[in-house]
Amino acid sequence: MLSVDRASVCYDHIQAVWDVTFTVKEGSITALVGSNGAGKSAMLKGIAGILPLAAGTIGFQNRALESLRPHDRVEAGISLVPEGRRIFPELTVQENLEIGAYNRRARRHLRQTLKEMYQLFSVLEQRKRQVAGSLSGGEQQMLAIGRSLMSRPKLLMLDEPFLGLSPLMVKRVIQMVENINAQGVTILLVEQNVLETLRLASMVYILETGRITLQGTGRALLENPHVKTAYLGL
């Protein structure tokens, strides 16, 4: 579904990602993991079109993305849940969700998709008239994911979805990600929580200082000596 080939991404004039190559298979949960500052978020922003590529190419369903603006990439079927959730705190839960369906393809199905979001996230239906800023951290994360799903994406990119959540809420979000994937949405996950990510993802790429240094199935990397020492504290 997604093919990143020798991509380099810069924040202003500071290079964050060097010569990165990876693929995301349709229907999979694929992950980029690494420590803070490794370049994971920069890579997602490069795919979303928020940051330009300094070099390399990105293909989505055999279509080159480099010339597409961010909103055109959403129209093509790519959606990003940003780090820190970035909800609109003064708007209600339902208003936040409806904003997610701004693209032309999604607007035609807004009411049906909204119904689906309330089935997936029942707590959001209970709080649909509540201002989003009053939700708990976990509820805000559900809202951020729901808002991105309102665009009816084929590829959902999640940037640090477990950040700041309790262990119990992390497990709930993991279950939701698995449910979303089971409904046919391909997932590209960026996380610092390496243990949970290796258990969740079918394919994992490890980024260190802007470069991919290891790759493999989540199960195989759980047994990798470097991963055990550097990321799992074993």
> Looking at Asp12, is it outside the structural domain of Asn103 (by TED's automatic domain parsing), at positive phi and over 17 Å from the mean Cα position of the chain (by Cα)?
Replying inline: yes
> For segment 76-125, which residues satisfy the criterion of being assigned to a helix (DSSP H, G or I) and aliphatic (A, V, I, L, M)?
Replying inline: Ala76, Val93, Leu97, Ile99, Ala106, Leu110, Leu114, Met117, Leu120, Val123, Leu124
> Which condition breaks for Glu95 when tested against (1) of a type in the set (D, E, K, R); (2) at pLDDT 95 or above; (3) within 18 Å of the chain's Cα centre (by Cα); (4) surrounded by fewer than 18 Cβ atoms within 10 Å (Cβ to Cβ)?
Replying inline: (3)
> Mind checking which residues of segment 191-234 are in contact with a Phe, Trp or Tyr (Cβ under 6 Å, 6 or more places away or on another chain) and in a loop (DSSP other than H, G, I, E, B)?
Replying inline: Asn193, Gly210
> Only one of (1) within 14 Å of the chain's Cα centre (by Cα); (2) modelled with pLDDT under 95; (3) hydrophobic (A, V, I, L, M, F, W, C) is not met by Leu195, so which one is it?
Replying inline: (1)
> Which condition number in (1) at pLDDT 95 or above; (2) farther than 23 Å from Gly164 by Cα is the one that Val204 fails?
Replying inline: (2)
> Can you tell me how many residues in segment 24-47 are at negative phi and touching a Lys or Arg at 6+ places or on another chain (Cβ under 6 Å)?
Replying inline: 1
> Only one residue in Gly39, Gly100, Gly34 is free of Cβ contacts under 8 Å to residues at least 60 places away in the same chain and in contact with a strand residue (DSSP E or B) (Cβ under 9 Å, 6 or more places away or on another chain). Which one?
Replying inline: Gly100
>> Give me the residue from segment 208-234 that is within 20 Å of Thr30 (Cβ to Cβ) and hydroxyl-bearing (Ser, Thr, Tyr) and, out of that set, nearest to the chain's Cα centre (by Cα).
In response: Thr217
> Which of (1) modelled with pLDDT of 95 or more; (2) over 16 Å from the mean Cα position of the chain (by Cα) does Arg105 not meet, given it meets every other one?
Replying inline: (1)
> Does segment 111-121 contain any residue that is under 16 Å from the mean Cα position of the chain (by Cα) and free of Cβ contacts under 8 Å to residues at least 60 places away in the same chain?
Replying inline: no
>> Given the criteria buried (at least 18 other Cβ atoms within 10 Å of the Cβ), among the charged types (D, E, K, R) and assigned by TED's automatic domain parsing to the domain that holds Ile187, does Arg63 qualify?
In response: no
> Going through segment 137-176 one residue at a time, which ones are at pLDDT 90 or above, assigned to a loop (DSSP other than H, G, I, E, B) and within 16 Å of Arg86 (Cβ to Cβ)?
Replying inline: Met150, Ser151, Glu160, Pro161
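The values are calculated or read from the model by the stated rules, or taken from the named source; none is laboratory data. Only a predicted model underlies this, so the values are computations on that prediction, with no experimental measurement involved. Positions of Cβ are generated from backbone atoms using ideal geometry, with glycine treated the same way; all protein chains shown enter the neighbour counts.
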